[in-house]
Each structure stands twice: as C-alpha cells, then as structure tokens.
Amino acid sequence: MEYPKTRKAINYDLNWKGLKEKYGTSDAIDVYTDLIDYLQSCGFEKTGESSFTSKTEMSQPKVVKIISNIHKKVPNSSGFVKNLHLAYVKEQVYDFKNALNTNQTSKILKDDKTLSEFGLNINPETSAKRSISFDIPEEVFKSKNPDLDYNEAYSKIKTFLEKKGYKRIQNSVYISEKEKTNTETISDMLSLSETFPEYGKAMSKILVGTLEKIDDYTDTANFGNVKVKKKAIDSSKDNTSNHKPLTLAEAKHIREEKELQEWKEKNHKTINNDNQKDKSDDIEL
C-alpha cells in the first residue's frame, strides 16, 4: 500500500563553508540558486529561507524521486547537503503573515469570524505535531529595521520558539516536540508577533502546517540511489525522524555498485562480440 497523496515539505541546509572553499563565493551562491530553480520546476514553492512546500498533493515515491535527482540536476551540491528532511503535511498549510501584521492579534484568537477573514478556517481543538517555516528577506528586514541586527533576529526567534516547545531542524524551520492543538499553535504565533512586531513586519511568509511524519533524506539528496518502500502511514504512531534510508557509506557503496553494473551492461555487447570473433578465428584456424 502506498502513502496517500498529501502536500509535502522539503527542508534543507547546505554546507556553505565547504561550497565556498571548493567553488568560490559566486559559484557557491549559484548552487543555492540552481537548487531553488530545480525544486520550483518540480512543483514546489519557496516557503522559507531553505524550505519548500509542494503546491499540490504529491505521492511519496514522486517526491523521493525528485530528491534522488538533486545530485544529478544540481551536481555541484552533491556531498554538500548537510541535512534534508521530507515532511508529510497532514492538513492545510496556513500562512499567518497577514494575521500577524495587524493590530487585531488579541481579537483573532477569540473570534472565529476574524480567523475566517484571514483564511484560518481550522478546528481549534485538533491536536497534532506542527511545523513552522518562515522567511525574512534580509533586504526587507534592513529597510524596515535599520537599527536592528539581522542575525540576532533569528537567534531571538529561536530562543522564543524553543521556550514554546518547538525544535529547530533548519535555520528557519521548526517542528513542535509534542502535539499541540490549533488553539495553542495560533496562540504561539500571535505571541511571537506581539513579542517581536518589528520582525513580523519583515516576514514574507510564516507558514504553519500539521505534520504526519518527517523523514531524513540527506544521503539521498547527496547521492541518489534509493529504493522507495511503499507502506501505509500510521498516524497513531509518532513517526518523527525515525527513518534514514541510507548511511553515507551505504550510499557510496550503492553508487559504486550501480556504476560497475552500468559499465558491465555497456560493455557486455562488446565483450560478447569479441568472444564471438575469437571463436570464429579458432574455427577458421
């Protein structure tokens, strides 16, 4: 049985220092740009600094194939993916940006009508693990907050969300360590806005989703060569971060074995022809 189709989120970090040392700053930036272009061409939209969410529902095998092809489509990234997680989004992904950038934050949590106005038509008591991803364009931040430090903003948001029970898995991507109701999640987002109103104004997006599970596909993104196991999702179990398709050593071994097999297949006809020629020569002699 296959995983059901749901929206998927890909979150990643690249080894910036390693990329710069090997390719130089300009070409290292191109690696980021090429990866963004590739994921967008596959039906994903940028939802955070290093986070992408599929525009439509996708099957697990299709998304894993997209991840497996990263090392081919963006070859300079191979070996420089520090981590890449695939999140299975159970429900709608909600953009809190418009709701946070208003003076109605205290009203939003208490008024279903106000929630609806901002597109947050959600059951307040639904409980599940949550994902949070946001994007703060540096140029926008500096234009709106010339006296504030850009990097410090990320650090303060991290401290705030950790106190609220979220764990950072990428620079601007967090997941709740325990299940939270929608009411609790909305309250966390509004509290974030009220605590750091200057940061909220600079955010291009702040998305909150409901997670089914999240898998680590770092090695797959670096080297590909992974077989997709089709199985049903058990939403009653905590499946967060419990699956690593390949270790680095396994990925390298599989790649070497595949290359050897491809070489054999490519040269099989030539070898057979040579053998036939040798037999023919023996007969003639």
Log entry, pairs with first residue in segment 165-186 being within 21 Å of Ala153 (Cα to Cα), second being of a type in the set (Asp, Glu) and part of a helix (DSSP H, G or I), beta carbons closer than 8 Å, six or more apart or on different chains, reads Tyr166/Asp188; Arg168/Glu162
Filtering segment 131-162 down to residues that are open to solvent by less than 80 Å² (accessible area, probe 1.4 Å), in a helix (DSSP H, G or I) and in contact (Cβ under 8 Å) with a residue 40 or more places away in the chain yields Val140, Phe141, Ala153, Ile157
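The values are calculated or read from the model by the stated rules, or taken from the named source; none is laboratory data. Keep in mind the model is a prediction, meaning the values are calculated, not measured. Reconstructed Cβ throughout: ideal geometry from the backbone, glycine too, with neighbour counts over all protein chains shown. Surface accessibility is based on the protein's heavy atoms, side chains included, excluding ligands, DNA and RNA. Shrake-Rupley method; radii C 1.70, N 1.55, O 1.52, S 1.80 Å.
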